[in-house]
Protein chains: 2
Amino acid sequence: MEKTDKDVVLRQFPHLEQALLDELLQQSNLKKVEAGDEVMRTGQYIKYTILLLSGLLKVYREDDEGNEFLIYYLEPGNACAMSMMCSARNEQSQIKAKAVTDAEVILVPSHLSELWLGKYKTWHSFVIASYRQRFEELLQTLDSIAFKALDERLLFYLRRHVKVSGNEVRLSHQQIADELNSSREVISRLLKKLEQTGALTLHRNYLEIHDLEREFGS
Amino acid sequence: MEKTDKDVVLRQFPHLEQALLDELLQQSNLKKVEAGDEVMRTGQYIKYTILLLSGLLKVYREDDEGNEFLIYYLEPGNACAMSMMCSARNEQSQIKAKAVTDAEVILVPSHLSELWLGKYKTWHSFVIASYRQRFEELLQTLDSIAFKALDERLLFYLRRHVKVSGNEVRLSHQQIADELNSSREVISRLLKKLEQTGALTLHRNYLEIHDLEREFGS
DNA sequence: AACTCTTTGTGACATCAGTCACTGAGGCGG
DNA sequence: CCGCCTCAGTGACTGATGTCACAAAGAGTT
């Protein structure tokens, strides 16, 4: 890696100890990906742990028929817990990660990641913390699917999207439908309802979010 | 703990190093619970990591209205990943664990569990492995809810149940419905359909499973 | 302007799942 | 045997969601 990248790494992962950062900089690959690129594909063998330096990634689950839905977002400073787990077991990825914006990732070869668990206390804490955080998000996602009707799931989805990318939601209805594993028409209707309550304004190719926190009565 | 318990512990957790087992035996509580007891309640503050010595536990997610559904089973030798995570952050439990059969658990106080992560390599590996395993099961559960209709979810549920407790599924339709967050009538109808295909036989208060692996065409 | 592509809106309809109301079957205690 | 309880079966209905068909609107291209 080059010198300028070094600063970026240091800024995003301040909790990692110096010796580890040095090794990270020497032994790992920095990779730039463009918006829309797939960082990880379903069925691929994962040989790296993925650390996100900049940009935004979406992590999906995908089934046999190509249906998908969003599990969570990864922001800079996050590690992809799934890649850690798959790479550790040398297993096929059961998920898919896609760059929402242009992004930079660090690919840490699995054997190093495993080695570091014993070698660097801060790495090991980081891995545990990542697992915990992702576990919780996964549980929340599970909740929303298991207990909530589609209208609430849509709210949950939009809130999460707003949290990572602001009040302009630059998605078509079709994209939203895909990520909720629903259909466009249904999403269109629900969005229209939300517009009527004043929660957002519909535009072509994007939504303008005003307020998603209110309770939207029947 | 007493001497006889010691053997049980050693047998269930052969991967843990001796020094750790010694400390485990000295500092932790062995607790016996009866079938039906709640080992962990939603909203409770978790101060222990739970290790299962014998018996079978069910781990549920529960929402505000008391709806619940099954996330996974814990078998002897397993740790409850949720309890690890909650106790680590001193957070309220977002889940519920119930004993299916009489069971014995070891309660490891959180501060010890955290301490051991640094102190014992085998503990730390064990914790990581537990997270990974649970993560995968959680993903499978998520899949079944997100992509599958109720009939397939029922199959998924029954298969899992058979795996941990054999071909006699001693559950009422109501109980199954609860764990799938559905309703009794619907489950009854689906079970009847499965009976007609020869997959199982219905009895009062239990099901006799013959073969759940076939594809059951429309 | 005419064309074309994508996105969004909308009504009609089908299906799955949940709910309600009721029946009947099995088991248990008096 | 009778009453009572839980569990299971069933038909009718409802509502949410998905599907189909088609219309309309926006935006870029020629």
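Coordinate-derived values only; no laboratory data. Bear in mind the structure is a predicted one, so any value in this text is a computation, not a measurement. Cβ placement follows ideal geometry from the backbone for every residue including glycine, while neighbour counts extend to all protein chains displayed.
Over the protein assembly as shown, DSSP H runs of length four or greater, each weighted -39,500 (n - 2.57), average out per residue to a 222 nm ellipticity of -15000 deg cm²/dmol.
Expressed as a rounded percentage, what relative contact order does chain A have, with Cα pairs under 8 Å and six or more residues apart?
Details: 351 pairs, mean separation 43.0, N = 218.
For chain A, the relative contact order is 20 percent.
Database remark: amide H of A:Gln44 closer than 5 angstrom to the amide H of A:Ser93 (H placed geometrically; neighbours at sequence offset of 5 or more, or on other chains; Pro and chain starts carry no H).
FRET efficiency for the pair A:Glu34 and B:Asp7, taken as 1/(1 + (r/R0)^6) with r the Cβ-Cβ distance and R0 = 51 Å, rounds to 0.30. Considering only B:His173, B:His203, B:His111, the mean-square fluctuation computed in a Gaussian network model of chain B, springs between alpha carbons under 10 angstrom, is largest for B:His203.
Along the charge dipole of region A:19-86, which of A:Leu56, A:Gln26, A:Leu70 sits closest to the positive end, that is, farthest toward it, with unit charges on the beta carbon of Lys, Arg, Asp and Glu (+1, +1, -1, -1)? The one lying farthest along the dipole's positive direction is A:Gln26.
Per the Debye calculation on the protein assembly as shown with a single equal scatterer at every Cα and no solvent contribution, log₁₀ I(q)/I(0) for q = 0.07 Å⁻¹ amounts to -0.39. If R0 is taken as 56 Å, the Cβ-Cβ distance between B:Arg204 and B:His111 corresponds to a FRET efficiency of 0.70. Amide H contacts of A:Glu17 (H built 1.01 Å from N, in plane; Pro and chain starts excluded): A:Thr122, A:Trp123 sit under 5 Å, all sequence-distant by 5 or more or on other chains. For A:Asn78, nonlocal amide neighbours, meaning residues 5 or more places apart or on other chains whose placed amide H falls under 5 Å from its own, are A:Leu52. Converting phi to 3J(HN,Hα) with the Karplus coefficients 6.51, -1.76 and 1.60 and the offset θ = phi - 60°, region B:97-114 yields 10, 10, 7, 7, 10, 4, 8, 10, 10, 10, 9, 9, x, 3, 5, 5, 4, 5 Hz in sequence order, with x at every glycine or proline.
Each Lys and Arg contributes +1 and each Asp and Glu -1, all at the Cβ; summed about the Cα centre of the protein assembly as shown, the dipole is approximately 160 debye. Neighbour counts of C-beta atoms inside 10 Å place A:Glu195, B:Glu213, A:Glu68, A:Glu185 in the sequence B:Glu213, A:Glu185, A:Glu195, A:Glu68, starting with the fewest.
Once you list every other residue whose beta carbon is under 13 Å from the beta carbon of A:Glu34, what net charge do they have if Lys and Arg are +1 and Asp and Glu are -1? With Lys, Arg at +1 and Asp, Glu at -1, the neighbours total -1. If only the Cβ of Lys and Arg carry +1 and only the Cβ of Asp and Glu carry -1, the dipole of region B:11-148 around its Cα centre is close to 300 debye. For region B:142-149, putting each phi into the Karplus relation 6.51 cos²θ - 1.76 cosθ + 1.60 with θ = phi - 60° gives couplings of 4, 3, 5, 6, 6, 10, 9, 6 Hz, in residue order, rounded to whole numbers and with x for Gly and Pro.
When only the Cβ of Lys, Arg, Asp and Glu is charged (+1, +1, -1, -1), the dipole of region B:106-218 relative to its Cα centre reaches about 220 debye. Among B:Tyr60, B:Tyr206, B:Tyr131, the largest mean-square fluctuation in a Gaussian network model of chain B (Cα springs under 10 Å) belongs to B:Tyr206.
Viscosity 1.567 mPa s, temperature 4 °C: Stokes-Einstein D of chain B from its Kirkwood Cα radius, in µm² per second? All intermediate terms of the calculation are to be shown ahead of the outcome.
Numbers: Rh = 18.6 Å.
Taking Rh from Cα pairs, D becomes 70 µm²/s.
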